[in-house]
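Heads up: the structure comes next, in C-alpha cells.
Just so it is clear, none of the values below were taken in a lab; they were calculated from the coordinates. Predicted, not measured: the structure shown is a model, and the values here were computed from it. We place every Cβ from the backbone using ideal geometry, glycine too, and count neighbours over all the protein chains shown.
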Amino acid sequence: MIGGIENIPRIPELRRRIGITLLLLAVYRVGVFIPTPGVNSGALADFFSQAQNTLFGIINLFSGGAFEQFSIFALGIMPYISASIILQLLTVVVPRLEELSKEGELGRKKIIQYTRYGTVVLSIIQSLGISIGLESLKSPTDVAIVQSAGWSFRLMTVLTLTSGTAFIMWLGEQITEKGIGNGISLIIYAGIVTRLPSAATNSFELIRTGEMNLLTVLFILALAVGVVGIIIFMERGQRRIPVQYSQRVIGRRVYGGQSSFLPLKLNTSGVIPPIFASSLLMFPLTIANFIQAPWIVWFRDHLDPRSTVYNLVYGGLILFFCYFYTAIVFNPVDVSENLRKYGGYVPGIRPGKSTADYLDRILTRITLSGAIYVALVCVLPSMLVMSLNVPFLFGGTALLIVVGVALDTVGQIESHLLTRQYEGFVKGGRIRGRRG
C-alpha cells in the first residue's frame, strides 16, 4: 500500500485531480463556519446540545455541522439529493423525461439542469420553513435563537441558505468532473469525518463526568470495528458470471476465443440508498418540526428518529432504493446486447433475451441480499447507539457512508495507477472483489 501511495505524485493528472478535490473540500469546510445573519449562535449551540440524537442531530450530521451553527451551508446537499430522487422517479412515469434519459450525454445534461432548478425550489421551501420555525425556538436557558424576527430575517435566510446549497451543488459537480471520486458523496463524507474528533471528545467528557460507563464506550468501539469489517467484507462481495468470446477471423488475424467474467456486485448501489432514504425522510420532517398543526404534530411524533416506526420506514426506503438505483445503473438488456455485439456469451445460455433474463434473475437475487445487508447495517447499530445516548456519528449509516465512499475513492485512485502501469495499493494487483 505504501508503494501505491508513493506512485501517486508521479502521475501529473492524478496529482492534479487529488489536489483539486482537497482544495474544493477545504472551501466547503470554510463555508461551514460562516454564520447566517440574525441568529444567536450561543443559544443555537445550547439548543443543539440537547438534540444530538433527534432529527436535528441527523440533519446536522449530513450537513457536516453546518446546521448546528446555522451557517450559509446549513441545508447541506440534501435539497440536491431530494431533487435528484424526484427527477429519477419522474423519469419512470413521465414519457418526456424517459426520452431524455435515453438520449445519451445531451439528455443527461438536460436532466441535470432540471435537477438544479428543483434544488433551488426545494431549498427555498426548506429555508423559509426553517426561518419561520427558528423564530419560535429558544435555548434550554430560555434565550431566543433569532435576534430580530420578521420578514427581513426570513428573506435573508432564504437567500443565504439557497445560495449556499447552490454553491455546494456546484462544488460537488466540480469534484466529480475535475477531481477524484463522487463529489456529492465526498462532501457528505468530509462532513462526517471532520466531526468524529469532536464526537470522541464529547464521549470522553461524558465518561469523565460519570454520565457514560467506560464499558459502554468500549462496547460501542467494538461494535463500530465489527460493523466496519462487515461493510468491507460485503462491499467487496460480487457474483462473477463467466463469459466466453467466440473466435472471429479478420484478414489473417484471429480475434476472441478467450474467457472472462462479468462481475455483479452484491451491493451495486453503494451508499446511495441510505443517503436517498435519509434525504427523503428529512425534507418533510424538517418542515413538520416548525408547524404546530395537530395532524402534523402526530406525524412528527410517530416518525421521531428514535422510534421503531421511523426505523422501519427508513429500512423499507433503503430496500426500495437499492433495487431502484440498481435498475438505473445496470440494464440486463443492454449488457446482453453488448455481449452479443462483441461475440460474447454466457456458457449454457442463449445470447439475447435468454441472457438478459438470466442476468436479471441473478441480479434480483443478489440485490435482495445486498439490500437486506445495507438496511440492517444502517438500522440496527443506529438503534443501539441511540438507546445508549451515544453520538449518531457512531451509528451504522455514518459508518457505511464513510467506509463506502473511502473504498470507492481508493478504487478510482488505484484505477489511475494501474492504467499507467503503476503498482496499486495492494501489491501484485488491484483490490479485488470477493467471489460470491
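Observations
- Calculated FRET efficiency, Ile328 to Leu218, Cβ-Cβ distance, R0 = 45 Å: about 0.60 to the nearest 0.05.
- Treating r as the C-beta distance of Ile362 and Gln258 and R0 as 22 Å, the FRET efficiency rounds to 0.50.
- Projected label distance in nm at Val93 and Trp170, using a 7 Å step from Cα toward the beta-carbon: 3.4
- Förster radius 25 Å - calculated FRET efficiency between Val228 and Arg306 (Cβ-Cβ, nearest 0.05): 0.60
- Between Thr419 and Lys110, full extension at 0.36 nm per residue minus the direct alpha carbon distance yields a gain of 108.1 nm.
- Look at where the Cα atoms of the stretch 110-180 and of the stretch 16-46 average out, and the two centres are 14 Å apart.
- Shown here for the stretch 89-119: trypsin sites (Lys or Arg not before Pro) in loop regions (DSSP other than H, G, I, E, B) with at most 13 other Cβ atoms within 10 Å, namely Lys102.
- Per-residue HN-Hα couplings for the stretch 187-192 [Karplus 6.51, -1.76, 1.60; θ = phi - 60°; Hz; x = Gly/Pro]: 5, 5, 4, 4, x, 6
- Residues of type lysines that Lys109 reaches as a straight line, Cα spacing below 30 Å, ignoring anything fewer than 8 places off in the same chain: Lys178, Lys265, Lys341
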